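First the structure, then my questions, so here it is.
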Amino acid sequence: MALRRALHFVFKVGDRAKTATFYRDVLGMKILRHEEFEEGCKATCNGPYDGKWSKTMVGFGPEDDHFVAELTYNYGVGEYQLGNDFLGLTLQSSQAVSNAKRLGWPLTEVGEALYLTQAPGGYPFYLVDKEQPSSDPVQKVCLGVSDLQKSTHYWTKLLGMKVLENNEEKKTVLMGFSDSQCKLELHDNSGAVDHGTAFGRIAFSCPREQLPGLEALMKKENQKILTPLVSLDTPGKATVEVVILADPDGHEICFVGDEAFSQLSMVDPKGNELLDKAMAEDKSDEWFAKHNKQKAAA
């Protein structure tokens, strides 16, 4: 499965301005592209909402060779409830640590040259205080599971990942499609996985021709398919095909056809400008404040 690769993790955000500050000014990521939508996504990319929303891709480089974050913002939703499903994203950048200290962004030292911080909304990020590599600084995403053996079987035998490290003491398994890309770490929660309302989604690409076979395998193995093979249109851009799956604990997994996605995910040099424009034109905070109301909590 060497042709499969990790793409991004989807975070629901309630405050775009603070979130943009974290990713741009603290982590040092770039806005790769920004898109506004008038109605919900057919593959529920923005969650179970059918109103106006936006998608912002941020990362240290193009999605062709970097693992990035997809930030989905639903107009009118101010906060989401965290569960114990997403346990952290780890990246290596002493510059990010310096940025956080300079900007007064809360940091907690949790190990040797390792700091824990939080993105707006409470999402945990681990910063390795070492020089940022020339390759992708994002090292791994950690997800909580209720049965480590069962989940490891799903991700390796059905999805084709290979186990890179098994730490029985920490109750973790590190795996990936290749050594050179962002890894997935599964951590045994010793209990049920709660996705809250902030539940995310991890995305991978594969050759388009593999999508029907992947869907057929999941049907044969009686595994959950959240969205059968579907085409997603982005006006003026490539149409991509996706299959959305759920692992034994309900973690959402998106597989997208690589050929079209490579076109769709090209960096938009106007991405930063488009995000700033959208935030400036979003008067929802002012409206809610004027009417002495609070945005909905999902």
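The values are calculated or read from the model by the stated rules, or taken from the named source; none is laboratory data. Just so we're clear, the structure is a prediction, and the values are computed from it rather than from any experiment. Neighbour counts run over all protein chains shown; Cβ positions are idealised from the backbone, glycine included. Keep in mind that these areas ignore ligands, DNA and RNA; they rest on the heavy atoms of the full protein, side chains included. Shrake-Rupley method; radii C 1.70, N 1.55, O 1.52, S 1.80 Å.
Being aliphatic (A, V, I, L, M) and closer than 19 Å to VAL77 by Cβ, is that true of even one residue in the range 14-27? Talk me through it step by step, then tell me what you get.
Initial filter on the range 14-27 (aliphatic (A, V, I, L, M)): 17, 20, 26-27.
Remaining after also requiring closer than 19 Å to VAL77 by Cβ: 17, 20.
Yes, the range 14-27 has at least one match.
Quick one: count up the residues across the range 2-27 that are in a loop (DSSP other than H, G, I, E, B) and within 21 Å of CYS142 (Cβ to Cβ). If you could, list the steps in order and put the result at the bottom.
Let us first name the residues in the range 2-27 that are in a loop (DSSP other than H, G, I, E, B), namely 2-4, 14-15, 27.
Next, only the ones that are within 21 Å of CYS142 (Cβ to Cβ) stay: 4, 27.
Of the residues in that region, 2 qualify.
Could you check the range 80-197 for strands (runs of 3 or more DSSP E) lying wholly inside it with 2 or more residues that are surrounded by 18 or more Cβ atoms within 10 Å (Cβ to Cβ) and free of Cβ contacts under 8 Å to residues at least 12 places away in the same chain? Please lay out each step first, then the result.
Details: elements: 86-92, 108-111, 114-119, 123-128, 138-145, 162-167, 172-176, 183-188.
Fully inside the range 80-197 and qualifying: nothing.
OK, next. Given the structure, is LEU71 closer than 26 Å to GLU36 by Cα and either modelled with pLDDT of 95 or more or open to solvent by 10 Å² or more (accessible area, probe 1.4 Å) (or both)? Outline the logic, then answer.
Working: closer than 26 Å to GLU36 by Cα: yes; either modelled with pLDDT of 95 or more or open to solvent by 10 Å² or more (accessible area, probe 1.4 Å) (or both): yes.
Here the answer is yes, as LEU71 does meet what is asked.
Mind checking whether some residue in the range 5-13 is of a type outside the set (D, E, K, R), touching a helix residue (DSSP H, G or I) at 6+ places or on another chain (Cβ under 8 Å), crowded, with 17+ Cβ neighbours inside 10 Å and farther than 24 Å from HIS195 by Cα?
The answer is no; no qualifying residue exists.
MET218 is checked against (1) part of a strand (DSSP E or B); (2) closer than 20 Å to THR44 by Cα and fails just one. What number does that condition carry?
All conditions pass for MET218, except number (1).
Right, something else. Checking LYS237 against (1) outside any helix (DSSP H, G or I); (2) more than 21 Å from GLU36 (Cβ to Cβ); (3) at pLDDT below 95, only one condition comes out false. Which one?
(2)
Quick one: would you say VAL242 is open to solvent by 10 Å² or more (accessible area, probe 1.4 Å) and under 28 Å from GLU185 (Cα atoms)?
Details: open to solvent by 10 Å² or more (accessible area, probe 1.4 Å): no; under 28 Å from GLU185 (Cα atoms): yes.
It is false that VAL242 is open to solvent by 10 Å² or more (accessible area, probe 1.4 Å) and under 28 Å from GLU185 (Cα atoms).
Among the residues of the range 256-271 satisfying the criterion of being out of contact with any Lys or Arg (no Cβ under 8 Å at 6 or more places or on another chain) and within 27 Å of LYS219 (Cβ to Cβ), which is surrounded by the fewest Cβ atoms within 10 Å (Cβ to Cβ)?
Checking each candidate, the answer is PHE261.
Hey, another quick one. Which is exposed (fewer than 15 other Cβ atoms within 10 Å of the Cβ), more than 26 Å from SER151 (Cβ to Cβ) and of a type outside the set (S, T, N, Q), of PRO235, PRO228?
So the residue among PRO235, PRO228 that is exposed (fewer than 15 other Cβ atoms within 10 Å of the Cβ), more than 26 Å from SER151 (Cβ to Cβ) and of a type outside the set (S, T, N, Q) is PRO235.
Okay, residues lined up against (1) touching a residue at least 60 places away in the same chain (Cβ under 8 Å); (2) among the polar types (S, T, N, Q); (3) under 18 Å from ALA20 (Cβ atoms):
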residue: ASP233; (1), (2), (3): no, no, no
residue: ALA260; (1), (2), (3): no, no, no
residue: MET266; (1), (2), (3): yes, no, no
residue: PRO269; (1), (2), (3): no, no, yes
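If only one of PRO62, PRO48 is free of Cβ contacts under 8 Å to residues at least 12 places away in the same chain and either open to solvent by 10 Å² or more (accessible area, probe 1.4 Å) or assigned to a loop (DSSP other than H, G, I, E, B) (or both), which one is it?
On the way: PRO62 fails: free of Cβ contacts under 8 Å to residues at least 12 places away in the same chain.
From the options PRO62, PRO48, the qualifying one is PRO48.
Cβ-Cβ distance below 8 Å, separation of 6 or more or different chains: which pairs start in the range 208-228 with a residue that is β-branched (Val, Ile, Thr) and end on one that is modelled with pLDDT of 95 or more and loosely packed, with under 15 Cβ neighbours inside 10 Å?
So the pair list comes out as ILE225/LYS219.
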